[in-house]
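The values are calculated or read from the model by the stated rules, or taken from the named source; none is laboratory data. Quick caveat: nothing in here was measured; it's all calculated off a predicted structure. Neighbour counts run over all protein chains shown; Cβ positions are idealised from the backbone, glycine included.
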Amino acid sequence: MPPPEQRNPKKRFSSVEIDWDDELPPPPAHLELLEDRSREIISKNESPDIGFSYSINPYRGCFHGCAYCYARPTHEYLGYGAGSDFERKLTFKPHAAQLLREAFERPSWEGELIVFSGVTDCYQPIEADMRLTRGCLEVCADYRNPVSIITKSPLIERDIDLLLALQRDAACSVTISIPLWKRESAHALEPYVATPQRRIETIARLAQAGIRVGVNVAPLIPGLGDEEMVSVLEAAAAAGAAWAGTVFLRLPGAVAQVFEERLRANLPLRAERILHQIRVARKGLLNSAAFGERMRGSGVHWEMTRQLFNKSCERLGLANSEMFVIERESTFRRPPRAGDQLSLL
């Protein structure tokens, strides 16, 4: 059987599955980039559990390879697997910026907040060359459309100039995700992400530049992340983070299988305890899909963890509030084009 990082759970929408002979293991998964010719770039969120309505995903799949990523099942809708396919068969939208410009020109768009990203990290490594996220941010700056960004990547430091322009003319906030503090824990479950300590440096550099930045201790992994949570909050506060948030671990669909396999392979001495704590907080299950429950745990341990989180934020001066907030009236405006008649007023 191939190692966990080369496996895909059974695909929900495929009638054909390939089994490998034990003596002929599959080759390592190589990076494959695939063009996504979608005609739309803005996604509308209908979930009552999520605090924003619109998001942009210049990419699908994510090279970071986080074992717990709730977005893995979205790759199954493309005909790929939620395991190694999600990490190495990456789709990109080559005309993302142009699609966004076209969306902003429609009379129906009124300048609502846009979040980067919902089902991928918009600053994963391929962004360094493709610059699709930067292109979309340039459009947002041109139209003074407010944005909020969630990422684990120090690559966002490249775009400080754009973030400052957006913050000046519209609204901009950045959230850096750091669910774990110990390097060995992070490497086991986030194999291709910058270390937690390097992400703290990103918070510091953004804060020093004057950009509104916070930390997301998410997903909160019981039996692991809860033990490291206070260390993350203390380091983030010292670096200049203004707020903090947390979301309980979600393991929808095939994510549960990917997470458990990699947890047992990379943290074998802790795996059983972590899985037990998840089930305790999920009423005996590894996941809950119900609105109102899927992003939070239940039971005594979860409540104690929440109280510790709240008290730590209070002690450190971190706002414990919704991160997706526009703090000023609408700033959206369509830039003049060649040939437009100038206003007399």
- Item | Out of ASP129, ASP159, sole residue that is farther than 23 Å from ASN266 by Cβ and in contact with a helix residue (DSSP H, G or I) (Cβ under 9 Å, 6 or more places away or on another chain) | ASP159
- Among the residues of the range 281-301, write down those that are farther than 23 Å from ALA71 by Cβ and touching a helix residue (DSSP H, G or I) at 6+ places or on another chain (Cβ under 8 Å). SER298, GLY299, HIS301
- Query: When PHE63 is evaluated against the numbered criteria (1) of a type in the set (Phe, Trp, Tyr); (2) farther than 23 Å from VAL258 by Cβ; (3) modelled with pLDDT of 95 or more, which criterion, by number, is the only one it fails?
  - Reply: (2)
- Query: Got at least one residue in the range 162-170 being at positive phi, in contact with a Gly (Cβ under 9 Å, 6 or more places away or on another chain) and either at pLDDT 95 or above or part of a loop (DSSP other than H, G, I, E, B) (or both)?
  - Reply: no
- Message: Please go through the range 98-151 and give me each residue that is among the β-branched types (Val, Ile, Thr) and in contact (Cβ under 8 Å) with a residue 40 or more places away in the chain, ordered by number.
- Response: ILE114, VAL115, VAL119, THR120, ILE126, THR133, VAL139, ILE150
- Subset of the range 171-193 [surrounded by fewer than 18 Cβ atoms within 10 Å (Cβ to Cβ) and part of a loop (DSSP other than H, G, I, E, B)]: LYS182, PRO191, TYR192
- Item | The lone exception for ILE160 - which of (1) surrounded by fewer than 19 Cβ atoms within 10 Å (Cβ to Cβ); (2) over 21 Å from GLN124 (Cβ atoms); (3) among the aliphatic types (A, V, I, L, M); (4) touching a residue at least 40 places away in the same chain (Cβ under 8 Å) it fails | (2)
- Just wondering, is there one or more residues in the range 214-221 that are surrounded by fewer than 20 Cβ atoms within 10 Å (Cβ to Cβ) and either in a helix (DSSP H, G or I) or on the phi < 0 side of the Ramachandran plot (or both)? no
- Members of the range 213-245 found to be more than 19 Å from the chain's Cα centre (by Cα), closer than 25 Å to ALA256 by Cα and hydrophobic (A, V, I, L, M, F, W, C), listed by number: LEU224
- Query: Just for helices (runs of 4 or more DSSP H) wholly inside the range 31-134: which have at least 1 residues that are surrounded by fewer than 19 Cβ atoms within 10 Å (Cβ to Cβ)?
  - Reply: 96-105, 127-130
